[in-house]
Amino acid sequence: MRDGTIVVAGASLAGLRGAEGVRARGFSGRLILVGDEPHLPYDRPPLSKHVLTGEIAPGATTLPGVGALRAEWRLGTPALGLDRAGRALLLGSGERLPFDRLLIATGARARPWREPEEAALPGVHTLRGRDDAAALAAGLAARPGRVLILGAGFIGCEAASGIRALGLPVTVADPAPAPLAGALGQVIGGFVAGRMEAAGVDLRMGTEVTRLEGEAGRVRRAHLAGGGTVEADLVVVALGAVRNTGWLAGSGLRADEGGLSCDGACRALDEAGRPDEAVFAAGDVARFPHPLYGGRPVALEHWGNAVAQAAHAARAMIDGPDRVESYAELPAFWSSQFGLTIKSLGLADGADAVAIVQGSPRTGRFLAVYGHEGRTVAAVSVNAGRWLPAYEAPIREAAPFPPIAGGADQPSPAPVPPGLPPR
């Protein structure tokens, strides 16, 4: 396909890279990007780091390449529905956009606090988009007496790091036994907990917040299960993300809060599991069968996945789904917090063992490998990124766990349970 109309639902990183991809492969027809936010595509990683500390202005996060793209834009206009039979995207503005190919890259949104009235209290924030970060940065600039972060996942920990860098008191509360336990397990999470506490974070693991209370027109405290309160005049709700698939209700596609199902060529699947030849998906919203993990459906909120999967979808749209291999990008992410650079390859969830195979947590510089049933499935480096590429091939090949021994600066691996939650 080289002409006609391609519509991209989602003016995100994946949407932009998908649009660039179809142009790069010779598409000369009409190209339209639709976004619910009023902004051009922007970079999300700085939002929970440098934007909070004021080092980068929210408006300075626009992604490179936007100005060079030959496309029409519909910004500040959410997609509200999909007419698959009529091949048209229905917009909040009332516009109906016909397409020959549709790329769905509507991403995810922050999971809100469960009680809407409490979530609406002034001083309660979520952190996902550019406007969220700008509002939170403004709240921090007012120097609150204490910040409470609900959730010790990556966003919660990165936000805590930035808030401590501003010299503000911060409490982090999470029912899990350790920070990042859901993604990396308690072994790595326990190390991160030590760094957080050393940085002055009041870390309350194993703590559930049951209610937020307002006073004098803004949030003032949080009530804890089992009694007790935390006084705070700014709350950051960091409870994960929900995929933006609600607008697909009634479309006949297989979609829910966990994502939009697609095949290895990024074609969206209908409720019977059949691919739609005109509708594709990429980025955070796309749930695809990963061949490295037994075909298990996964949806990845990773910057690198958004870029790679959008390029894969672009190839499938332009060259044809039968001319692309099954999408098999190795999951990878990074995080910067409390002086640590954490990088990961593969998926640790479901692992039954972890071993420190390079360096040592005592030095703050190490690499851990995860195994499942005697095979290598993932690796995580902490301030030791140069070691990580050596583990890509063992993960791809499901090499025996642990995969490398006898190298320089290697301790004797002693696998232990990783402390991950059940999958």
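The values are calculated or read from the model by the stated rules, or taken from the named source; none is laboratory data. What you see is a predicted model; the values in this text were computed from it and never measured. We place every Cβ from the backbone using ideal geometry, glycine too, and count neighbours over all the protein chains shown. Areas reflect the complete protein model, heavy atoms only, side chains present, ligands, DNA and RNA absent. Shrake-Rupley method; radii C 1.70, N 1.55, O 1.52, S 1.80 Å.
Among residues of segment 386-399 that are under 25 Å from Gly295 (Cβ atoms), those with a beta-carbon under 8 Å from a residue that is of a type in the set (Lys, Arg) and open to solvent by 20 Å² or more (accessible area, probe 1.4 Å) at least six positions away or on a different chain give the pairs Ala398/Arg375; Ala399/Arg375.
Considered as a group, the residues in segment 314-335 that are within 19 Å of the chain's Cα centre (by Cα) and small (Gly, Ala, Ser) include one that is surrounded by the most Cβ atoms within 10 Å (Cβ to Cβ), and that residue is Ser335. Selection of first residues in segment 411-423 that are closer than 12 Å to Val369 by Cβ and of second residues that are surrounded by 10 or more Cβ atoms within 10 Å (Cβ to Cβ) and of a type in the set (D, E, K, R), restricted to Cβ pairs under 8 Å at least 6 apart or on distinct chains, gives the following pairs, ordered by first then second residue: Pro418/Asp352. Scanning segment 11-37 for residues that are of a type in the set (Asp, Glu) and either modelled with pLDDT under 95 or closer than 11 Å to Arg70 by Cα (or both) yields a total of 1. Being assigned to a strand (DSSP E or B) and either modelled with pLDDT under 95 or open to solvent by less than 40 Å² (accessible area, probe 1.4 Å) (or both) is a description that applies to Val8.
Condition check ((1) open to solvent by less than 10 Å² (accessible area, probe 1.4 Å); (2) among the charged types (D, E, K, R); (3) over 17 Å from Leu103 (Cβ atoms)) across all residues:
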residue: Gly273; (1), (2), (3): no, no, yes
residue: Pro291; (1), (2), (3): no, no, yes
residue: Gly295; (1), (2), (3): no, no, yes
residue: Glu301; (1), (2), (3): no, yes, yes
residue: Gln337; (1), (2), (3): yes, no, yes
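Per-residue answers, yes or no, for (1) closer than 28 Å to Glu158 by Cβ; (2) open to solvent by 70 Å² or more (accessible area, probe 1.4 Å):
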position	(1), (2)
Leu345	yes, no
Ala348	yes, no
Val354	yes, no
Val357	yes, no
Arg365	yes, yes
Gly374	no, no
Pro402	no, no
Pro417	yes, yes
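Can you name the residue in segment 134-166 that is assigned to a loop (DSSP other than H, G, I, E, B) and of a type in the set (A, V, I, L, M, F, W, C) and is also surrounded by the fewest Cβ atoms within 10 Å (Cβ to Cβ) among such residues? Result: Ala142.
Annotation: of all residues in segment 168-198 being open to solvent by 40 Å² or more (accessible area, probe 1.4 Å) and in a loop (DSSP other than H, G, I, E, B), the one that is nearest to Tyr370 (Cα to Cα) is Pro177. Gln309 satisfies every condition listed in (1) within 25 Å of Leu33 (Cα to Cα); (2) assigned to a loop (DSSP other than H, G, I, E, B); (3) not aliphatic (A, V, I, L, M) except (2).
Only residues that are in contact (Cβ under 8 Å) with a residue 60 or more places away in the chain and among the aliphatic types (A, V, I, L, M) were counted in segment 153-179, giving 8.
Open to solvent by less than 60 Å² (accessible area, probe 1.4 Å), on the phi > 0 side of the Ramachandran plot and small (Gly, Ala, Ser): is that true of Gly123 in this structure?
On the way: open to solvent by less than 60 Å² (accessible area, probe 1.4 Å): yes; on the phi > 0 side of the Ramachandran plot: yes; small (Gly, Ala, Ser): yes.
Taking the combined requirement at face value, the residue satisfies it.
Pairing residues of segment 272-289 that are in a loop (DSSP other than H, G, I, E, B) and modelled with pLDDT under 95 with residues that are crowded, with 24+ Cβ neighbours inside 10 Å and not hydrophobic (A, V, I, L, M, F, W, C), at Cβ distances under 6 Å and at least 6 apart in sequence or on separate chains, gives no pairs at all.
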